[in-house]
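Data block below; observations after.
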Amino acid sequence: MAQAGTTSDLRHFDHVLSADQFDRRSVDAVLDLAGALVDVRDQRLTSRIAATLFYEPSTRTRLSFESAMLRRGGSVLSTADAGAASSAVKGETLEDTIRIVSAYADTIVLRHPEVGAARRAAAVATVPIINAGDGAGEHPTQALLDLFCMRRDHGHIDGLNIVVCGDLRNGRTVHSLVRLLANYPAVHLTLVAPEAVQLDADITRVAERAGVRVERTDTLDMALPRADVVYQTRVQKERFDSADAYEAARRIRIDLETMRRVSANATVMHPLPRVDEISPDVDADPRAAYFRQAAGGVAVRMALLEMVLR
Ligand code: NCD
């Protein structure tokens with residue numbers, strides 16, 4: 001059985017709410033520890049309990065957090081459908097639920113449809129809150145696992161030419177990823193989306209100030225041949241009120257024809273779930289990184305749980 005690596009560089013956080021909390025040193029520490037934890041099974045978190053409180057659908061995020069906890073000897077309390085199956089149905093506020101669950105678990109992994117929900121939870125929690133997605137806000141643990149995959153596949157993140165496409169306005173994984181990339185100034189970021197779903201300037205500002213080169217376009221044409229990473233995202237249909245914007249957002253697809261224009265060493269990533277924005281016949285291409293990207297989520301979440309539970 002593999003053993004965990006050292007955690008001496010790992011900063012302690014009370015809560016994991018936003019990618020803004022992570023400077024270069026703490027990102028490196030999480031990724032290094034995650035690298036050491038791949039395939040680890042040990043008892044380091046025995047007697048610790050994580051509650052996963054999910055008010056929105058999830059497959060990967062919830063199960064990988066639970067797997068991370070179980071693989072280290074910890075336990076989980078799981079509410080997969082908290083919006084329908086918790087006292088929220090009776091009208092209980094998020095704050096009251098968090099106060100109660102704080103007494104039952106040592107950390108709470110929270111997914112909620114409202115932007116800012118993780119911060120509201122952290123204001124009343126007596127245990128660390130981990131933001132597993134707050135509406136169209138952020139998804140910092142996904143962005144860390146995205147960097148984990150990039151670093152493993154390319155050997156580095158500095159200097160990568162990263163093309164992010166799809167629904168950038170509503171995709172919370174992109175919001176956190178761009179914030180984390182502010183730690184890698186030599187990165188060249190191309191944001192490919194129709195105007196209706198382009199990324200807000202507020203989100204790119206920090207990265208731009210840090211020296212990341214940011215370009216916006218609405219077609220993949222120019223961006224593809226020079227890309228090291230193509231990061232595709234799902235159109236977040238649950239967050240649209242305009243049918244036109246929804247249809248515009250669906251235009252950017254990756255298929256075998258697109259792959260012909262992507263360089264041999266590039267990788268194609270996606271936070272998943274994929275609907276039809278990447279054609280399934282791309283899956284067999286070794287450049288398709290999305291399934292190994294998701295698999296790395298367990299190790300990254302082990303590192304984060306260790307960070308908040310230490
Ligand atoms: C993402 C999410 O929930 O924001 N999924 C995930 O956690 N891997 C992306 C999405 O739903 O499109």
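The values are calculated or read from the model by the stated rules, or taken from the named source; none is laboratory data. No experiment lies behind these values; they were computed from the predicted model shown. In this analysis, Cβ positions are derived from the backbone assuming ideal geometry, glycine residues included, and neighbour counts consider all displayed protein chains.
Test of understanding: among 178, 127, 89, 174, which residue is in a helix (DSSP H, G or I) and more than 17 Å from the chain's Cα centre (by Cα)? Walk me through it before giving the result.
Working: 178 fails: more than 17 Å from the chain's Cα centre (by Cα); 127 fails: in a helix (DSSP H, G or I); 174 fails: more than 17 Å from the chain's Cα centre (by Cα).
Only one candidate qualifies: 89.
Among the listed residues 220, 189, which satisfies the condition of being hydrophobic (A, V, I, L, M, F, W, C), touching a helix residue (DSSP H, G or I) at 6+ places or on another chain (Cβ under 7 Å) and not in a strand (DSSP E or B)? If you could, list the steps in order and put the result at the bottom.
Numbers: 189 fails: not in a strand (DSSP E or B).
On inspection, the qualifying residue turns out to be 220.
Condition check ((1) within 16 Å of the ligand (Cβ to nearest atom); (2) modelled with pLDDT under 95; (3) more than 20 Å from residue 155 (Cβ to Cβ)) across all residues:
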residue	(1), (2), (3)
201	no, no, yes
210	no, yes, yes
216	no, no, yes
221	no, yes, yes
240	yes, yes, yes
248	no, yes, yes
268	yes, no, no
271	yes, no, yes
287	no, no, no
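Could you check region 148-173 and list, in sequence order, the residues that are β-branched (Val, Ile, Thr) and either surrounded by fewer than 21 Cβ atoms within 10 Å (Cβ to Cβ) or within 16 Å of the ligand (Cβ to nearest atom) (or both)?
Applying the first criterion (β-branched (Val, Ile, Thr)) to region 148-173 yields 157, 162-164, 173.
Across region 148-173, the qualifying residues are 164, 173.
Note down all Cβ pairs under 9 Å where the first residue falls in region 101-124 and is on the phi > 0 side of the Ramachandran plot, the second is part of a strand (DSSP E or B), and they're at least six residues apart or on different chains.
116/134
If you check 299, 284, 294, which single one turns out to be among the hydrophobic types (A, V, I, L, M, F, W, C), crowded, with 22+ Cβ neighbours inside 10 Å and not in a strand (DSSP E or B)? Before the answer, list the steps.
Numbers: 284 fails: crowded, with 22+ Cβ neighbours inside 10 Å; 294 fails: crowded, with 22+ Cβ neighbours inside 10 Å.
So the residue among 299, 284, 294 that is among the hydrophobic types (A, V, I, L, M, F, W, C), crowded, with 22+ Cβ neighbours inside 10 Å and not in a strand (DSSP E or B) is 299.
For residue 238, state whether it is within 19 Å of residue 137 (Cβ to Cβ), not polar (S, T, N, Q) and not in a loop (DSSP other than H, G, I, E, B). Spell out the reasoning first.
On the way: within 19 Å of residue 137 (Cβ to Cβ): yes; not polar (S, T, N, Q): yes; not in a loop (DSSP other than H, G, I, E, B): yes.
Against the criterion (within 19 Å of residue 137 (Cβ to Cβ), not polar (S, T, N, Q) and not in a loop (DSSP other than H, G, I, E, B)), residue 238 qualifies.
Being part of a helix (DSSP H, G or I) and of a type in the set (S, T, N, Q) is the filter here, so list the residues in region 241-260 that pass it. Quick ask: steps written out before the conclusion?
Narrowing region 241-260 to residues part of a helix (DSSP H, G or I): 243-249, 256-259.
Residue satisfying the conditions is 258 alone.
Residues of region 222-244 being in contact (Cβ under 8 Å) with a residue 40 or more places away in the chain and more than 27 Å from residue 135 (Cα to Cα), which ones?
Once the filter is applied, which keeps residues that are in contact (Cβ under 8 Å) with a residue 40 or more places away in the chain and more than 27 Å from residue 135 (Cα to Cα), region 222-244 yields 223, 224, 226, 227, 228.
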